[in-house]
Every structure is written in C-alpha cells, then in structure tokens.
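Down below is the structure, laid out as structure tokens.
The values are calculated or read from the model by the stated rules, or taken from the named source; none is laboratory data. It should be emphasised that the depicted structure is a prediction, and the values quoted were computed from it without experimental measurement. Cβ atoms come from the backbone with ideal geometry, glycine included; neighbour counts cover every protein chain shown.
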Amino acid sequence: MRIGIIGAGQIGGTLARRLTALGHDVSIANSRGPETLAALADETGAKAVSVEQAARAGDVVIVTIPEKSIPSLPADLFDGVPADVVVVDTGNYYPRRDGRIDPIEHGTTESRWVSDQLGRPVVKAFNNIYARHLLERGKPKGARDRIALPVAGDDRRAKDVVIRLLDELGFDGVDAGSLDESWRQQPGTPVYGTDFDANGVRKGLAEAAPERKGEFRAGAASPAAGASR
C-alpha cells in the first residue's frame with residue numbers, strides 16, 4: 001500500500017520503520033521540512049516529503065502529532081484527497097503538553113475533535129501502545145499472547161483496512177465501536193498503555209468509564225491550546 005505519515009516522533013518513526021520493512025511505499029513528513037528527515041529516510045527507505053505530499057501519498061494517511069499541533073496543519077490539507085483514503089489518528093490529549101482544549105474537556109472524544117479539525121473522517125488506532133512495543137512485540141497470526149489494539153471509527157471499510165495493517169504488523173485488531181465511543185481507549189482507561197490480547201482488550205473496553213481521570217484533565221489555570229478551526 002501507499003502510506004503517508006504526518007509526524008516523525010516515536011510512533012510515526014516506528015511505523016515508518018515497520019511498514020517499509022513490510023514492503024509498503026511510505027512517505028513521511030514533519031513540521032520542520034523534508035530535509036530534517038534525511039537520516040530516517042536513509043535508514044528506512046521511506047520518502048521524506050512535505051505535509052501536503054504526505055496527505056496525498058495514497059491509500060492511508062496516518063496523523064501522529066500532538067493534539068496541540070492539529071490546528072496548525074494547513075486548513076486545506078485534505079482538499080482533493082479522495083474520500084476512500086483512510087485517515088488514521090494516533091493521538092492522545094495530554095493537557096500538560098497540549099494546553100486546554102475545551103471541546104475535549106467538555107466531553108468530545110479526542111479523535112472526534114481531530115476529525116472536526118481535519119474536516120475528514122478518521123479511524124483512531126495505535127494510541128494505546130508504547131512505541132517500543134509496536135516496534136518489537138508483533139507476533140505471527142495465531143501466536144499465543146498476541147497483543148491486540150482497539151480500532152474505533154464510523155466507517156467499517158476504513159476500520160477493516162487498519163485492522164489488516166495491524167495484522168501485518170503482528171497485532172490483532174479489535175473493533176472498538178464508533179468514533180464517539182473511542183473514549184474507551186483514551187488515556188486513563190483500562191486498555192491504555194497495556195499489552196492485552198483480544199479478549200483482554202474487549203474486557204477493558206467494556207469496563208471503561210466515560211469520566212476522564214484527573215491526571216488527564218486540564219486544571220482551572222491551564223493555558224488554552226492553539227485556536228481550533
């Protein structure tokens with residue numbers, strides 16, 4: 001597949017390494033420009049491109065940047081990108097890093113907010129696993145204790161594309177419901193930062209509570225994040 005990655009941090013860089021190793025055609029971008037990704041491109045064979053080029057790279061676009069940076073992406077980033085291109089959001093809202101984002105504080109799920117900012121449907125995935133585990137702990141299909149990852153979104157076909165990619169990477173995908181149910185995999189929930197198998201993920205999703213834990217909420221004095229679009 002042709003895959004664009006916007007963001008070259010721990011998850012973005014790890015996905016570039018894993019997906020190119022599987023033979024996918026990967027383009028990767030960051031906010032500082034393609035020239036800053038030369039070393040990663042040389043290491044992996046991924047193409048270092050602009051953010052706009054990554055959004056138009058092909059079949060799947062993975063957005064893996066801090067929540068506070070989402071409104072800074074070009075407003076027309078996905079203009080003209082075909083509707084069948086799957087957009088994946090890996091992000092989590094951390095108020096200490098991102099500042100206060102009022103819609104999320106008032107109950108909008110993180111990825112619904114991202115979708116609203118991008119003006120595109122998204123699938124939430126890869127947000128609950130550590131980058132090192134994503135790099136090192138994939139196992140063949142059917143292996144004992146294979147790690148499973150929740151996948152939430154409103155488009156069944158798009159979720160199926162992501163679940164197939166997870167399988168290639170060595171993980172089971174668990175359908176976590178609609179995007180508005182993706183709070184079940186947000187920070188502070190039972191599946192966040194865990195390495196459960198598929199049954200464990202299903203159990204964790206079912207046991208999740210919608211109230212955001214205090215350590216993942218902004219305080220009264222928290223600065224506001226960048227303006228939403």
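For the criterion of being modelled with pLDDT under 95, within 26 Å of Arg18 (Cα to Cα) and surrounded by fewer than 21 Cβ atoms within 10 Å (Cβ to Cβ), Arg32 passes.
Look at (1) in a helix (DSSP H, G or I); (2) touching a strand residue (DSSP E or B) at 6+ places or on another chain (Cβ under 7 Å); (3) closer than 21 Å to Val60 by Cβ; (4) not β-branched (Val, Ile, Thr) and you find that Leu205 fails only one, number (3).
The residue that is surrounded by the most Cβ atoms within 10 Å (Cβ to Cβ), counting only those in the stretch 78-104 that are within 17 Å of the chain's Cα centre (by Cα) and in a loop (DSSP other than H, G, I, E, B), is Tyr93.
Of all the listed residues (Val114, Val123), the sole one being farther than 23 Å from Arg217 by Cβ and not charged (D, E, K, R) is Val123. Per the conditions (1) farther than 20 Å from Val87 by Cβ; (2) at pLDDT 95 or above, the sole criterion not satisfied by Gly142 is (2).
Taking the criterion of being at pLDDT 95 or above, of a type in the set (D, E, K, R), assigned to a loop (DSSP other than H, G, I, E, B) and touching a strand residue (DSSP E or B) at 6+ places or on another chain (Cβ under 9 Å), would at least one residue in the stretch 112-122 satisfy it?
To start, the set of residues in the stretch 112-122 that are at pLDDT 95 or above comprises 112-122.
Next, only the ones that are of a type in the set (D, E, K, R) stay: 112, 116, 120.
From the residues that got through so far, the ones that are assigned to a loop (DSSP other than H, G, I, E, B) too are 120.
Keeping just the survivors that are touching a strand residue (DSSP E or B) at 6+ places or on another chain (Cβ under 9 Å) gives 120.
Checked the stretch 112-122: at least one residue is at pLDDT 95 or above, of a type in the set (D, E, K, R), assigned to a loop (DSSP other than H, G, I, E, B) and touching a strand residue (DSSP E or B) at 6+ places or on another chain (Cβ under 9 Å).
For the stretch 50-64, the set of residues classified as aliphatic (A, V, I, L, M) and surrounded by fewer than 23 Cβ atoms within 10 Å (Cβ to Cβ) consists of Val51, Val60, listed by residue number.
Conditions (1) out of contact with any Ser or Thr (no Cβ under 6 Å at 6 or more places or on another chain); (2) among the acidic types (Asp, Glu), marked per residue:
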residue	(1), (2)
Ser72	yes, no
Val81	yes, no
Val85	yes, no
Tyr94	yes, no
Arg100	no, no
Ile104	yes, no
Glu110	yes, yes
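Considering only residues that are over 13 Å from Glu67 (Cβ atoms) and either touching a Pro at 6+ places or on another chain (Cβ under 7 Å) or surrounded by fewer than 16 Cβ atoms within 10 Å (Cβ to Cβ) (or both), which ones fall in the stretch 105-120? Walk me through how you get there before you give the answer.
First, the residues of the stretch 105-120 that are over 13 Å from Glu67 (Cβ atoms): 106-107, 119-120.
Within the stretch 105-120, His106, Gly107, Gly119 qualify.
Which ones in the stretch 139-189 are in a helix (DSSP H, G or I), among the acidic types (Asp, Glu) and touching a residue at least 24 places away in the same chain (Cβ under 8 Å)? Show your work before the answer.
Start the filter on the stretch 139-189 by keeping residues that are in a helix (DSSP H, G or I), which leaves 156-169, 179-185.
Still in the list and also among the acidic types (Asp, Glu): 160, 167-168, 180-181.
Once the filter is applied, which keeps residues that are in a helix (DSSP H, G or I), among the acidic types (Asp, Glu) and touching a residue at least 24 places away in the same chain (Cβ under 8 Å), the stretch 139-189 yields Asp167, Glu168, Asp180, Glu181.
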